[in-house]
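The values are calculated or read from the model by the stated rules, or taken from the named source; none is laboratory data. Source: prediction; values computed, not measured. A quick note on method: Cβ atoms are made from the backbone with ideal geometry, for glycine too, and the neighbour counts reach across all protein chains shown. Only protein heavy atoms, including side chains, enter the accessible area calculation; ligands, DNA and RNA are left aside. Shrake-Rupley method; radii C 1.70, N 1.55, O 1.52, S 1.80 Å.
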Amino acid sequence: DQQVKQNSPSLSVQEGRISILNCDYTNSMFDYFLWYKKYPAEGPTFLISISSIKDKNEDGRFTVFLNKSAKHLSLHIVPSQPGDSAVYFCAASRPARQLTFGSGTQLTVLP
Amino acid sequence: NAGVTQTPKFQVLKTGQSMTLQCAQDMNHNSMYWYRQDPGMGLRLIYYSASEGTTDKGEVPNGYNVSRLNKREFSLRLESAAPSQTSVYFCASSAGTGDPYEQYFGPGTRLTVT
């Protein structure tokens with residue numbers, strides 16, 4: 001039973017446009033959400049996070065939105081750059097528990 | 001400051017062989033983790049160590065053992081490798097366990113069991 005789902009395995013976007021990556025979760029006990037980025041042959045690196053007490057968090061070109069009633073979060077990248085091409089994982093946790101990861105979305109930013 | 005390091009980077013084993021994957025971190029983190037990544041499955045937690053001297057099972061612990069050697073090092077052992085353990089293995093560490101502690105990952109070990 002996948003508690004964190006990324007239903008789009010891949011996404012292609014033109015350079016300069018907005019990239020929107022989506023993530024759904026089923027466990028209402030999750031209270032902290034993270035996005036990780038992964039390049040080939042490297043480990044995932046932390047990108048941005050959001051607590052369940054917020055509905056938006058921004059860091060430069062990256063914004064994460066959380067809709068608790070829909071159990072949905074999204075990552076917006078504006079403007080998208082070719083260097084953003086990577087696999088993006090969303091992850092969720094609850095107090096004193098470990099991270100649960102989604103299956104990832106491959107983002108390709110076309111020049 | 002190397003962060004999280006893993007050895008080896010690549011390994012090929014025959015079914016039934018054993019091996020130990022090594023992981024070390026230099027960030028003075030308390031918690032360490034072992035994950036496996038399979039196509040279409042994301043990262044699944046094998047074992048973790050919330051603090052030095054403790055280890056706990058994650059989502060997929062069968063066929064693995066771990067040792068938290070000291071605060072810096074956390075090893076993963078396959079006693080009798082099986083083809084189903086072909087995967088990419090990531091070690092990670094964090095300052096604490098649970099939220100809001102981000103985990104920092106090593107570069108991974110690509111393991112093939114034939």
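Pairs exceeding a 23 Å alpha-carbon distance, out of A:68/B:57; A:71/B:57; A:5/B:71; A:5/B:9; A:5/A:68; A:5/A:56: A:68/B:57; A:71/B:57; A:5/B:71; A:5/B:9.
When chain B is modelled as a GNM with alpha-carbon springs shorter than 10 Å, which of B:22, B:85, B:11 fluctuates the most? Of the options given, B:11 has the highest mean-square fluctuation. Inter-chain neighbour count for A:17-28: the average number of beta-carbon atoms from partner chains within 10 Å of each residue's beta-carbon is 0.
Heavy atoms of the protein chains alone define the surface here; on that basis region A:1-58 has 56 Å² accessible area per residue at 1.4 Å probe size. Inter-chain neighbour count for A:46-52: the average number of beta-carbon atoms from partner chains within 10 Å of each residue's beta-carbon is 2. When all alpha-carbon pairs of chain B are counted, what percent fall beyond 21 Å? Within chain B, distances greater than 21 Å cover 29 percent of Cα pairs. Only Cα pairs under 8 Å and 6+ residues apart enter the sum, and on that basis the relative contact order of chain A stands at 37 percent.
Only Cα pairs under 8 Å and 6+ residues apart enter the sum, and on that basis the relative contact order of region A:1-55 stands at 28 percent. Phi angles of region B:33-47 translate, via the Karplus equation with coefficients 6.51, -1.76, 1.60 and θ = phi - 60°, into HN-Hα couplings of 9, 10, 10, 10, 10, 10, x, x, 10, x, 9, 10, 6, 8, 8 Hz per residue; Gly and Pro are given as x.
Over the protein assembly as shown, the ratio between the Cα radius of gyration and 2.2 N^0.38 Å evaluates to 1.01. Please identify, among A:58, A:42, A:15, the residue showing maximal mean-square fluctuation in a Gaussian network model of chain A using a 10 angstrom Cα cutoff. Judging by the Gaussian network model, the answer is A:42.
Using the Cα coordinates of chain A, the gyration tensor eigenvalues translate into equivalent-ellipsoid semi-axes of 23, 15, 12 Å, sorted from longest to shortest. Ligands, DNA and RNA left out, the 1.4 Å accessible surface of region B:56-97 is 46% carbon and sulfur atoms.
Accessible surface buried at the A:B interface totals approximately 1500 Å², computed with a 1.4 Å probe on protein heavy atoms.
Straight-line cross-link reach from residue B:14 at under 15 Å between alpha-carbon atoms covers these aspartates and glutamates, not counting any fewer than eight positions away in the same chain: B:79.
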